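Down below is the structure, laid out as structure tokens.
The values are calculated or read from the model by the stated rules, or taken from the named source; none is laboratory data. Note that this is a predicted model, so its numbers are computed, not measured. Every residue, glycine as well, gets a Cβ built from its backbone with ideal geometry; the counts of neighbours run over all protein chains shown.
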Amino acid sequence: MQGTFKREDRTYLLSDERMAAFQALTPTQRLTWVEQVAAFLRKAAIAKANQNQGESKQGPTIQPLR
């Protein structure tokens, strides 16, 4: 099944309320939010890579961000 999913085919729907909440954030708060999402995605990618390498038996290894 690997290779059948295209990253560009992803969609994300959000409500008007969520969009309004994001628009109400200050620019600094928006950047903080983006950085937190990016950190989460990096950790998820590391965990998935570890799982794919058979390391999931020991639990995912997540490296701290520097």
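So if I check each of 31, 25, which one is modelled with pLDDT of 90 or more, in a loop (DSSP other than H, G, I, E, B) and of a type in the set (A, V, I, L, M, F, W, C)?
Details: 31 fails: in a loop (DSSP other than H, G, I, E, B).
Matching residue, one of 31, 25: 25.
How do the pairs read when you match residues in the stretch 7-31 that are at positive phi and small (Gly, Ala, Ser) with residues anywhere that are surrounded by 10 or more Cβ atoms within 10 Å (Cβ to Cβ) and part of a helix (DSSP H, G or I), using Cβ under 9 Å and keeping only pairs 6 or more apart or on different chains?
Correct list of pairs: empty, since none qualify.
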